[in-house]
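The structure under discussion appears below in the form of structure tokens.
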Amino acid sequence: MKKVFETARLGGLHLKNRLVRSATWEGIAQPDGSIAQEAYDIYDELADGGVGAIITGFTSVALHDYYFGGMMRLCDNALLPQYRKLVETIHAHDTPVIAQLALGAYYRKENGGYTQIEPDAMTTEEIRLVITQFIEAAVRAQEAGFDGVQIHAAHFFFLSRFISPAVNHRQDMYGGSTENRSRILVEILRGIRTSAPRLHITVKINANDYTLGGLDEEECVRICKLLDAAGIGAIEISGNGTSVRGVRAHQNEGYFVPAAAAVAEAVSCPVIVVGGFRSLDTMEKALNETNIEFVSLSRPLLREPDLPQKMQWNPEYVSRCVSCNACYASRAHKCVFRGRDKNAR
Ligand SMILES: Cc1cc2nc3c(=O)[nH]c(=O)nc-3n(C[C@H](O)[C@H](O)[C@H](O)COP(=O)(O)O)c2cc1C
Ligand code: SF4
């Protein structure tokens with residue numbers, strides 16, 4: 001019988017409970033990837049709230065990645081002192097921290113500017129450059145003291161589009177079959193394992209692209225098996241349109257549980273499921289009716305960074321997040337309701 005509030009091992013990491021903060025982009029970093037002071041405060045409060053491990057918001061591996069604004073970046077050694085400080089802030093609460101490594105899109109330098117290039121139009125050298133960027137960013141993460149990295153291959157970010165049959169129509173070793181489209185992930189994974197051996201390595205992947213001709217649950221399981229065989233440390237299951245609106249406690253929670261359960265049946269590494277968890281009993285049901293080992297949360301921790309403590313204190317407590325998604329448009333992606341009610345901080 002698994003309990004949310006029991007210690008658990010995520011690979012080599014020791015977590016005080018089975019709750020993981022799913023990556024949540026703050027959008028307040030400088031264009032070069034420098035961390036805003038406010039971000040340290042956000043992560044300090046989050047770690048203080050009792051979550052078992054924290055995955056940072058997406059952190060680009062490239063300087064010339066213009067996919068979203070305010071992205072953190074691990075693309076330059078000069079930034080290491082700032083990222084070390086972030087790690088120390090979180091470690092002060094005895095909480096492991098994983099950097100989510102991402103590429104929004106690949107941008108080719110041409111005509112004096114940068115143009116977004118989709119997987120089909122990339123040269124093999126450009127694909128190798130991206131693989132190297134991920135590996136070098138992981139080495140920097142290790143250098144900064146992070147406990148792990150997460151390869152962001154979900155939500156139609158670059159790697160998610162690359163592995164999707166709806167987007168990747170290449171006819172070389174990086175396209176066509178599931179194995180070929182996933183090769184980029186396996187090469188990044190192997191490279192990180194070799195170059196940054198101390199790191200726990202996880203991946204966030206779509207169970208379903210919800211796109212005509214895109215990745216579906218069956219192919220997601222096949223890709224996860226390939227990654228498991230190549231030594232991935234954990235797999236977090238998500239999907240396009242991940243932040244579903246209108247989630248209500250005990251009604252429509254945990255919408256990726258069936259897909260994550262199928263992956264957990266097929267692989268040997270721990271599986272984390274994200275998406276619409278608002279109550280402790282729904283989380284424990286998912287943990288005990290399947291082989292899923294961890295539950296991850298994003299919006300509930302924007303609403304209440306101390307939700308883990310509240311739930312541990314009162315198991316009946318349900319998240320106050322109403323899944324309106326207004327935080328996507330607010331400054332620093334803070335919950336728009338914070339501070340408006342008596343009991344919320
Ligand atoms: C403001 C905001 C920023 C997000 N940023 C990221 C991100 O950086 N990387 C990522 O993989 N998912 C990101 N997500 C998606 C969440 O990690 C999560 O998959 C999704 O919101 C569903 O989980 P929830 O119901 O617990 O919020 C973000 C979600 C929100 C609301
Ligand atoms: S704005 Fe607040 S209540 Fe609305 S989805 Fe975001 S965290 Fe939840």
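The values are calculated or read from the model by the stated rules, or taken from the named source; none is laboratory data. Keep in mind that this is a model prediction, so the values were computed, not measured. Cβ: placed from backbone, ideal geometry, glycine included. Neighbour counts: every protein chain shown. Heads up: the accessible areas ignore ligands, DNA and RNA and are worked out on the full protein's heavy atoms, side chains in. Shrake-Rupley method; radii C 1.70, N 1.55, O 1.52, S 1.80 Å.
Between Gln251 and Asp32, the simple label model (points 7 Å from Cα in the Cβ direction) yields a spacing of 4.9 nm.
Available extension along the chain between Ala329 and Tyr210 is 40.5 nm, counting 0.36 nm per residue and deducting the alpha carbon span.
The fraction of Cα-Cα pairs per 10 angstrom bin, counted from 0 for region 216-345, comes to 13, 40, 31, 15, 2 percent, rounded to whole percents. If the chain linking Asn111 and His14 were pulled fully straight, counting 0.36 nm for each residue of separation and taking away their Cα-Cα distance, it would gain 30.0 nm.
Please list log₁₀ I(q)/I(0) at q = 0.15 Å⁻¹ for region 79-218, using the Debye equation with identical point scatterers on the alpha-carbon positions. Here log10 of I(q) over I(0) equals -0.78.
Determine the percent antiparallel among the DSSP beta bridges restricted to the chain, to the nearest 5. Write down the numbers at each step before the final one.
Numbers: 9 of 41 bridges.
For the chain, the DSSP antiparallel bridge percentage is about 20.
Quarter the surface of the alpha carbon convex hull of region 161-240 and you get the mean projected area, 5.0 square nanometres.
Mean-square fluctuations from a GNM of the chain, with a 10 angstrom spring cutoff on Cα atoms, peak among Glu136, Glu219, Glu304 at Glu219. Shape analysis of region 202-280 yields a ratio of the Cα radius of gyration to the Kirkwood radius, Rg/Rh, of 0.98. Rolling a 1.4 angstrom probe over the protein heavy atoms with all chains in place gives the chain an accessible area of 40 Å² per residue. What separates the Cα centres of region 146-208 and region 278-305 is a distance of 25 Å.
How large is the convex hull of the Cα atoms of region 140-204 per residue, expressed in Å³ as a whole number? Walk me through the numbers before you get to the answer.
Values: hull volume 5.5 nm³, N = 65.
Hull volume normalised by residue count: 85 Å³.
Across all Cα atoms of region 281-345, the radius of gyration (one decimal) and Dmax (whole number) stand at 13.3, 39 Å. Of Cys220, Cys269, Cys327, the residue with the greatest mean-square motion in the GNM of the chain, using alpha carbon springs below 10 Å, is Cys327. A protection proxy built from the mean count of other Cβ atoms within 10 Å ranks the segments 139-145, 235-241, most packed first, as 235-241, 139-145.
Once the Cβ-Cβ distance between Arg128 and Glu6 is put in as r, and R0 is 45 Å, what FRET efficiency do you end up with, to the nearest 0.05? If you can, show how the numbers build up before the last one.
Details: r = 43 Å, r/R0 = 0.96.
That gives a FRET efficiency of 0.55.
Kirkwood radius for the chain, taken over all pairs of different Cα atoms as the inverse mean of 1/r, rounds to 20.0 Å.
With the whole protein complex present, Tyr106 retains an accessible surface near 20 Å², based on a 1.4 Å probe. If you wrap the tightest convex hull around every Cα atom of region 1-125 and split its volume per residue, you get 142 Å³.
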